[in-house]
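Undergrad: I'd like to ask some things about the structure below.
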Amino acid sequence: ALLAGVRVPHPKARRAVARALGAYKEERAAEALAKLARRAATYFVESEAGRALGKTRLKKTWADVLRNTRKRSFQEVIRNGAFDGLVELDPLRALPVLEQFAELGQPEPSRNAALAALGRCARETHKDECKLRTRQRLEKVLDDGFFLDRMAALKALQDLRDPAAIPILEAFKSA
């Protein structure tokens, strides 16, 4: 029944269907989501489809989700959904993609979303060197980033759950 839902006319309903399909680790669900991620009537449906594709955890969907990181859209919603999908799919492969989009010069909504996703991504790699590199990057953003970048970096440091970040978080709490 959900597979038929990808053709409902209302975009909010298609978005909800895409979100629900992400819970299924099946080829049929991934194929339906890939079609939505490639070209949907609204940016928000494409974004949700990219996010849900990652949640299927099917490795063959990597290229479809990664493709959405190259799409420009209103407030970069397609790209931001793809970031979440990549983290869900394969955090170790997602980390360099997020680091690239966290650089200065990227569109601000993408940069903020990439920075915010870095903490969870590094934590889910279960590799200490990834966590350390990410924590150091986020600390640098806190020192010289724009306000929204700093807020995203704070969220990422919380998501990282690295005890070494506690003093920095405490300092911002009391500031």
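The values are calculated or read from the model by the stated rules, or taken from the named source; none is laboratory data. Fair warning: this is a prediction, and the values are worked out from it, not measured in the lab. Every residue, glycine as well, gets a Cβ built from its backbone with ideal geometry; the counts of neighbours run over all protein chains shown. Just the protein is used for accessible areas: all its heavy atoms, side chains included, with ligands, DNA and RNA removed. Shrake-Rupley method; radii C 1.70, N 1.55, O 1.52, S 1.80 Å.
Undergrad: Mean 1/r over all different Cα pairs, inverted: what Kirkwood radius does the stretch 41-122 give, in Å?
TA: Final number for the Kirkwood radius of the stretch 41-122 is 12.0 Å.
Undergrad: At 1.4 Å probe radius, can you tell me the per residue accessible area of the stretch 42-154 in Å²? Let's see the in-between values first.
TA: Details: 4970 Å² over 113 residues.
I get 44 Å² per residue for the stretch 42-154.
Undergrad: Now for a different question. Would you please name the trypsin sites (Lys or Arg not before Pro) within the stretch 13-65 that are DSSP coil residues with at most 15 other C-beta atoms within 10 Å of their C-beta?
TA: LYS25, ARG39, ARG57
Undergrad: If you don't mind, there's one more thing I want to ask. Please report, in whole Å³, the volume per residue of the convex hull around the C-alpha atoms of the stretch 100-175.
TA: It comes to 75 Å³ per residue, whole-number rounded.
Undergrad: Mean-square fluctuation check for the chain, GNM, Cα pairs under 10 Å: which of ALA164, ALA32, ALA114 is largest?
TA: ALA164
Undergrad: Which value, in debye to the nearest 20, describes the size of the charge dipole of the stretch 10-101 about its Cα centre when Lys and Arg Cβ atoms bear +1, Asp and Glu Cβ atoms bear -1, and nothing else is charged?
TA: Value, rounded to 20: 260 debye.
Undergrad: Among LEU115, LEU53, MET151, flag the residue with its Cα farthest along the positive direction of the charge dipole of the stretch 21-175, charges on Cβ as +1 for Lys/Arg and -1 for Asp/Glu.
TA: LEU53
Undergrad: Can you tell me the relative contact order of the stretch 60-145? Whole percent, Cα pairs under 8 Å, sequence separation 6 or more.
TA: 22 percent.
Undergrad: Could you please put SER174, SER73 in sequence from largest to smallest accessible area, using a 1.4 Å probe?
TA: SER174, SER73
Undergrad: Which longest uninterrupted range of the chain lacks any GluC sites (Glu not before Pro) assigned by DSSP to a loop state (not H, G, I, E or B) and surrounded by at most 14 other Cβ atoms within 10 Å?
TA: Details: sites that count: GLU26, GLU103.
Longest gap between qualifying sites, sites excluded: 27-102.
Undergrad: Of all the accessible heavy-atom surface of the stretch 1-113, with the other protein chains kept in place and a 1.4 Å probe, what percent is carbon and sulfur?
TA: Looking at the stretch 1-113 in its full context, I get 55 percent from C and S.
Undergrad: Note the full-extension length gain between ALA23 and GLU129 as 0.36 nm times their separation in residues minus their Cα-Cα distance, in nm to one decimal. Each step should come with its number before you reach the end.
TA: Details: separation 106, 0.36 × 106 = 38.16 nm, distance 3.07 nm.
Stretched out fully, the ALA23 to GLU129 stretch lengthens by 35.1 nm.
Undergrad: With the radius of gyration and the Kirkwood radius both derived from the Cα set of the stretch 1-85, what is their ratio Rg to Rh?
TA: Reported Rg/Rh (Cα atoms, Kirkwood Rh): 0.93.
Undergrad: Now, a different point. Student exercise: in the stretch 30-175, how many lysine pairs 8 or more apart or on different chains have Cα atoms under 27 Å apart?
TA: Counting lysine pairs in the stretch 30-175 gives 23.
Undergrad: What's the magnitude of the charge dipole for the chain around its Cα centre, counting Lys and Arg as +1 and Asp and Glu as -1 at the beta-carbon? Answer in Debye, nearest 20.
TA: 760
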